[in-house]
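The block underneath contains the structure these notes are about, expressed in structure tokens.
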Amino acid sequence: MWQAALARANRPKLDRPDFNLYLDEFHNYLHLPQSLDEILAESRAYRLNLTLANQHLGQLRESTQEALESNARARVVFQCGQDDARRLARQFHPLTDHQLLSLERFQVAVRLCVDGRTEAPFTGITEAPPPSLGELNAAVLARGSLAIYGRSREAVESEIEARLVSVGICGGFKEMA
């Protein structure tokens, strides 16, 4: 993904559409050859928008924590542990570590960047997850989705390989494996 973002450097800035990358449990990606710290620092230039989620800051290297503090423009925090609350309180001032520690279920603390300017933090309530449809209904939905949108692994890999070759990132998908 980062190689694809870097390939955008050849395009004029106005010709770089936003690209959104969502990583849940993103600490699992910290072993990649490219430093996530560097990606955090440079991603805006390539219009790569990152949404990163993890359970607690202790899962991250100190350098990654610092990169997040320096580069994450919008932050959403659910109830957190004492160590995280203490560290995050500096970034969410005037909210205190006690307030961050005491967030209720579905309550969040938010710090947004609007038009390049960091706004004052606030708290809000998220929607509760919808009730489960049950395992039988979930299986029916999964089969229907697979029938409509599913493709073979070979077809997907061929499409990825063709795209990578067309932008000159590599000679093919097999090189990356």
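No lab work stands behind these numbers, since they all come straight from the coordinates. The model shown is predicted, which means the values in this text are computed figures rather than measured ones. So basically every Cβ, Gly included, is an ideal-geometry build from the backbone, and we count neighbours across all protein chains shown.
What is the set of long-range amide H partners of PHE92 at a cut-off below 5 Å, with H atoms built 1.01 Å from backbone N?
none
Rounded if a/c is under 1.5, else prolate if a/b beats b/c, else oblate: with a ≥ b ≥ c from the C-alpha gyration tensor eigenvalues square-rooted, which is the range 57-177?
oblate
Determine the dipole magnitude for the chain: charges of +1 sit on the beta-carbon of Lys and Arg, -1 on that of Asp and Glu, nothing else is charged, the reference point is the Cα centre, and the result goes in debye to the nearest 20.
Dipole magnitude for the chain comes out near 420 debye.
Short version: ³J(HN,Hα) in whole Hz for each residue of the range 38-43, in order, from phi by Karplus 6.51 cos²θ - 1.76 cosθ + 1.60 (θ = phi - 60°), x for Gly and Pro, what are they?
My calculation for the range 38-43 gives 5, 4, 4, 6, 10, 4 Hz in order.
Would you order THR51, THR64, THR123 from fewest to most other beta-carbon atoms within 10 Å of each residue's own beta-carbon?
Arranged by neighbour count, lowest to highest, THR51, THR64, THR123 become THR51, THR123, THR64.
Restrict the search to the range 77-177; then list the trypsin sites (Lys or Arg not before Pro) that DSSP places in a loop and that have at most 12 other Cβ atoms within 10 Å of their Cβ.
ARG90, ARG105, ARG151
Below 8 Å, C-alpha to C-alpha, sequence gap of six or more: please give me the relative contact order for the chain in percent.
Over the chain, the number comes to 15 percent.
Once the cut-off is 25 Å, how many percent of the Cα-Cα pairs in the range 2-128 end up in the long-distance tail?
Roughly 30 percent, rounded to a whole number.
Computed over the Cα atoms, what is the radius of gyration of the range 79-142 divided by 2.2 N^0.38 Å, N being its residue count?
1.58
Have a look at LEU136, GLN91, MET1 and report the one farthest towards the positive end of the charge dipole of the chain, computed about the Cα centre with Cβ charges (Lys/Arg +1, Asp/Glu -1).
Towards the positive end, the residue furthest out is MET1.
Give me TYR22, TYR149, TYR46 sorted ascending by neighbouring Cβ count inside 10 Å, so fewest comes first.
If I rank by nearby Cβ atoms, fewest first, I get TYR149, TYR22, TYR46.
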